[in-house]
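Working notes, beginning with the structure itself.
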Amino acid sequence: MDTYYIDGKFVDDENALISAKDITVLRGFGVFDFLITYNHRPFFIKEHVARLENSAREIGLTLQHSNEQICDIVVQTIEKNPHHTESNIRIVYTGGVSPDGVTPQGNGILMVMVTPKHELPTWWYTKGAKIITIDIERFIPTSKSTNYLSAVFAQQKAHKTGAVEAIYKDRENRLLEGTTTNLFCFKGNKLITPPDNILPGITRSVVLNLTKDHYEIELRHINADELKEMDEIFITASNKEIVPVIQMDEMAIGNGKPGDKTCSVMEMFKKYTQDYGQGKIT
Ligand SMILES: Cc1ncc(COP(=O)(O)O)c(C=O)c1O
């Protein structure tokens with residue numbers, strides 16, 4: 001049994017309930033963020049909570065907690081779950097109950113759900129994964145809103161074809177990001193990732209910092225027609241870390257195996273998260 005925080009109380013996960021009248025339930029109006037722990041230490045908690053606040057601002061949701069209060073509640077909720085080796089942490093801020101079912105009243109509730117970290121298949125990292133592209137543009141892509149209809153829809157399509165992720169492609173044929181991941185491509189010594197119209201991933205920003213002295217970083221849009229020129233591709237996310245991509249739709253990427261440069265980024269990231277967990281990075 002896990003302990004969640006919900007609306008001022010710590011409760012067993014089964015008793016973490018919200019009103020059916022909440023406009024997160026009725027309209028998908030709310031925000032969330034997701035992070036994991038390394039050695040029980042929440043990874044970049046301040047940045048995740050700042051992103052939650054920004055997500056809320058962008059959709060017009062008023063939060064009644066300061067970022068410091070949310071960070072404190074997250075840490076307390078992790079401490080209430082000492083049976084986890086490592087944790088997944090989902091912070092949700094709902095839209096709240098609204099008399100007309102559509103107008104936010106600034107009465108949303110905060111939930112912090114801490115569950116055991118979910119391990120992903122090892123072959124994703126050793127053999128590399130297949131991904132697909134899908135013609136979808138997210139509404140307010142810089143906000144992690146609880147409206148993830150496009151993600152659930154696109155992931156079903158990906159899973160049907162044996163792919164682990166779907167990459168959104170916009171009307172200009174540009175590849176933006178995955179349903180829950182950011183996209184990176186290596187072309188020679190250049191590491192390319194889209195600059196905007198995406199969720200600013202925390203893993204993405206860590207990867208950019210770690211690699212800036214090793215590779216030439218290009219923040220620019222990637223046209224789908226350019227894919228054949230890319231040597232290596234990988235995707236990043238808090239729960240997935242760095243996943244090498246060996247196939248995009250029907251096209252093999254590189255030599256069909258995780259590329260050397262991607263493996264070097266995976267190594268850098270692994271070392272960094274280990275150091276972070278040991279408190280070597282503040
Ligand atoms: C749309 C989208 N892009 C990118 C990401 C990756 O962000 P992060 O690295 O902060 O997990 C996520 C995370 O779930 C996401 O939902």
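FYI, it's all coordinate maths here, none of it is from the lab. The shown structure was predicted, so the numbers you read here are calculated from the model rather than taken from an experiment. In this analysis, Cβ positions are derived from the backbone assuming ideal geometry, glycine residues included, and neighbour counts consider all displayed protein chains.
Details
- Counting only strands (runs of 3 or more DSSP E) wholly contained in segment 77-157, the ones carrying 3 or more residues that are within 16 Å of the ligand (Cβ to nearest atom) and touching a helix residue (DSSP H, G or I) at 6+ places or on another chain (Cβ under 8 Å) occupy 87-94, 129-134.
- Only residues that are surrounded by fewer than 20 Cβ atoms within 10 Å (Cβ to Cβ) and either among the β-branched types (Val, Ile, Thr) or under 19 Å from ILE36 (Cα atoms) (or both) were counted in segment 247-272, giving 7.
- Any chance PRO200 is away from the ligand (no atom under 13 Å from the Cβ) and within 21 Å of the chain's Cα centre (by Cα): no
- Note on segment 38-60: residues that are farther than 20 Å from THR236 by Cβ, touching a helix residue (DSSP H, G or I) at 6+ places or on another chain (Cβ under 8 Å) and touching a residue at least 40 places away in the same chain (Cβ under 8 Å) amount to 2.
- Within segment 4-37, being among the aliphatic types (A, V, I, L, M) and touching a helix residue (DSSP H, G or I) at 6+ places or on another chain (Cβ under 6 Å) holds for VAL31, LEU35.
- Residue within segment 2-17 that is farther than 19 Å from ASN107 by Cα, more than 14 Å from the ligand (Cβ to nearest atom) and under 21 Å from the mean Cα position of the chain (by Cα) present: yes
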